[in-house]
Structure formats: structure tokens, C-alpha cells
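The values are calculated or read from the model by the stated rules, or taken from the named source; none is laboratory data. The shown structure was predicted, so the numbers you read here are calculated from the model rather than taken from an experiment. All Cβ positions, glycine included, derive from the backbone under ideal geometry; neighbour counts span all protein chains shown. Surface accessibility is based on the protein's heavy atoms, side chains included, excluding ligands, DNA and RNA. Shrake-Rupley method; radii C 1.70, N 1.55, O 1.52, S 1.80 Å.
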Amino acid sequence: MAETQNESVYGKKIFFINPNYTFRSMVIPELRNKEYEVCIIENFRDAKNILRKNPGSILFINVDAHLSLFGWFIFIDDLKDDPVLKTIIVGVLSDRITDKEKQFFMERLSLPAGMHRNEGHTAKLTETFLDILEMHKAKGRRQYVRANCLSDHSSVLIWNENNKMHQVKLVDISVMGAAAVLPSANSNIVQEKMIVRGATLKIGTKQFIIDFIVYAIHQRDDKKLLITLFTPETVNGIKDSIQEYVYSQLHEHMLFSISGEKSDDRDYNQLGKSYHEASNSERKGGAAK
């Protein structure tokens, strides 16, 4: 659970800026169910600060909201001038963009993740995005998206053994299992391959009854970590709740990572308007010649 953080292990994070209803309710859940790490940036003025913390990520921008089309053009064009942001793999989403506007974007911007209209069936749209993520090697060796639980003091695993209650603090969790800190004074309360039935899993404000298998016990510095796998028959009914918790933690950590940083205050709409007017003047001048 304390793997070296590199792309081959963790893959690439996928961000959506203000996705529309179809993406938010259908496409993104499907990508998450396939264990791609997909996060939503609600406020575009946080985006560049967040992306600087996540070089090499994949970003999809819904250009139908918040800014004008040419405001978004400037926003995307700006990325190339930053040594970290230029590593971001960008794609554009729009239900409104015309063929002429699409051509303008494609000719002047680097959009390796493409431009996409919400056309056709959702299943086909999801398939297109899965192909893009595979092409850009978004999936790492780590099979399941995990969230760090250390800041959530209520996240624990509790069980009874021989009329004695054991409680361990969670370190991280995925839909398949969790890691927890074993108490140093009594770290022999479990053994590898042991099955614990009827344990209580507490995450956030919810708690569930679950069975787990002791997959491994690892030494980490001065602590021992209990690595568990939830049994399929008990996790299936609460998988959605665990995933919801995982992404609530990821979102909280994402915003915490930029706390105190100056918000992006560029006037993209005005810059876009000026750029568009200059481009039109240039084209008219060229036609006159």
C-alpha cells in the first residue's frame, strides 16, 4: 500500500472540468467502475493549481460552460507555456461547437485526447473514452483506485476474536480491500490467510458488516500493516458505497493539496475576445491582399 508513486504503478489521473450531465451520470461512473482514477474539477479557477500537482495527467474540458469558446481556447493555449502544464494530455467536450470552430481548435491547439461531441449512444461514447485512456496508458500496474484514510480518524475496522474486540485504524481503502495499522503492542492478533467474519467496517458516516481475508502483514518502518481483501460475497452489496467514499476522500485531498494557493484570476473571456477579433482581422487582411 506504500508503493513508490510512479506512473507505471499508479497510471495517470483523469480530470474532467465541469462535465455535463451525460458524462457526470453515465460516462464517468463507467470509467470509475473499470478502476480508472477519474476526478471532477468543479471550479476551473482551481484547475491549473491542481494539474501542476499531477503532471502527465489526462484532462477533458467541457467548453460549453463557464467561459466563452475562445476563453477556453486561451485557457488551453496557456498550458503550453508552463513547464508542468504542458505535460497534460488535453481533450475537449462540447455539444455546441460547430465544424468550423472545431477545425479552428484542432489547427491551433495541441489536443492529443481529441474533441468530442455527445453524439450517439452513451455506451459508444464510453467505449471511445476507454480507447483514448488505453492509448495514453492511463492504467498502471495498481489494479484498484485507493484513497488515503489517515486524515479520517473515524475510518476503522473492528472485529471480535475469542471474546476480545480488536480495532485497527485504516491507512487506505479500495473496493477490494483495505490496509490498517496493527497495534505494536499486540501485532499478533492476526495471521496471514486468516479469514475474519462479521467485522465492522466504518468509513465516513457509514458502517457495514463485512468478511475479510488477511492477505499479508507488512513491516513499514516501525509499524506493521495489515493488508486485507474483502470477500466477494460481502463486498458486492456495498461496493458502490465504498467507491463513493474513495472518491469523496480523493476529492477532499485534491482540494487540500492546493489550499492557500492563489486562485487563477486571468480574464480568459476578454483575452479570448481579443484573440478572436485579431484572428478575424488577420484573415480579412489576408483575403484583401
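Scan segment 180-212 for residues that are within 22 Å of Asn236 (Cβ to Cβ) and surrounded by 16 or more Cβ atoms within 10 Å (Cβ to Cβ) and report the count.
Going through segment 180-212 one residue at a time, the tally reaches 10.
Please determine, by comparing only the residues of segment 52-111 that are touching a Lys or Arg at 6+ places or on another chain (Cβ under 9 Å) and acidic (Asp, Glu), which one is modelled with the lowest pLDDT.
Checked segment 52-111; the qualifying residue modelled with the lowest pLDDT is Asp95.
Which residues, counting only those in segment 1-28, are in a helix (DSSP H, G or I) and either at pLDDT 90 or above or not acidic (Asp, Glu) (or both)?
First pass over segment 1-28, keeping only residues in a helix (DSSP H, G or I): 7-10, 21-28.
The answer is Ser8, Val9, Tyr10, Tyr21, Thr22, Phe23, Arg24, Ser25, Met26, Val27, Ile28.
How many residues are out of contact with any helix residue (DSSP H, G or I) (no Cβ under 8 Å at 6 or more places or on another chain) and either assigned to a helix (DSSP H, G or I) or among the aliphatic types (A, V, I, L, M) (or both) when one looks only at segment 34-46? Quick ask: steps written out before the conclusion?
Kept after step one, since they are out of contact with any helix residue (DSSP H, G or I) (no Cβ under 8 Å at 6 or more places or on another chain), are these residues of segment 34-46: 35, 42-43, 45.
Remaining after also requiring either assigned to a helix (DSSP H, G or I) or among the aliphatic types (A, V, I, L, M) (or both): 45.
The qualifying residues number 1.
Inside segment 61-75, can you point out the residues that are in a helix (DSSP H, G or I) and open to solvent by 10 Å² or more (accessible area, probe 1.4 Å)?
Narrowing segment 61-75 to residues in a helix (DSSP H, G or I): 69-75.
Across segment 61-75, the qualifying residues are Leu69, Phe70, Ile74.
Quick check: anything in segment 124-132 exposed (fewer than 15 other Cβ atoms within 10 Å of the Cβ) and modelled with pLDDT of 95 or more?
yes
Every residue in segment 217-229 that is out of contact with any Ser or Thr (no Cβ under 9 Å at 6 or more places or on another chain) and either free of Cβ contacts under 8 Å to residues at least 60 places away in the same chain or surrounded by fewer than 17 Cβ atoms within 10 Å (Cβ to Cβ) (or both), please. Lay out the reasoning, then the answer.
At the first step, the residues of segment 217-229 found to be out of contact with any Ser or Thr (no Cβ under 9 Å at 6 or more places or on another chain) are 218-221, 225, 227-229.
Once the filter is applied, which keeps residues that are out of contact with any Ser or Thr (no Cβ under 9 Å at 6 or more places or on another chain) and either free of Cβ contacts under 8 Å to residues at least 60 places away in the same chain or surrounded by fewer than 17 Cβ atoms within 10 Å (Cβ to Cβ) (or both), segment 217-229 yields His218, Gln219, Arg220, Asp221, Leu229.
Pick out, from segment 162-272, the strands (runs of 3 or more DSSP E) lying fully within it that include 1 or more residues that are among the small types (Gly, Ala, Ser) and within 24 Å of Tyr10 (Cβ to Cβ). So that I can check it myself, show each step before the final result.
On the way: elements: 164-173, 178-182, 195-203, 206-220, 223-230.
By residue number, 178-182, 206-220.
Among residues belonging to segment 32-51 that are of a type in the set (Lys, Arg) and under 23 Å from Ser68 (Cα atoms), point out the one that is least open to solvent (accessible area, probe 1.4 Å).
Start the filter on segment 32-51 by keeping residues that are of a type in the set (Lys, Arg), which leaves 32, 34, 45, 48.
Imposing the further condition that a residue be under 23 Å from Ser68 (Cα atoms) reduces the set to 45, 48.
On the way: Arg45: 66, Lys48: 18 Å².
Residue satisfying both the conditions and the ranking: Lys48.
The rows are residues; the columns are (1) more than 26 Å from Leu93 (Cβ to Cβ); (2) in contact (Cβ under 8 Å) with a residue 40 or more places away in the chain; (3) over 18 Å from the mean Cα position of the chain (by Cα).
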site	(1), (2), (3)
Glu107	no, no, yes
Pro112	no, no, yes
Glu127	no, no, yes
Ile132	no, yes, no
Arg142	yes, yes, no
Val156	yes, yes, yes
Val181	yes, yes, yes
Ala185	yes, no, yes
Val190	yes, no, yes
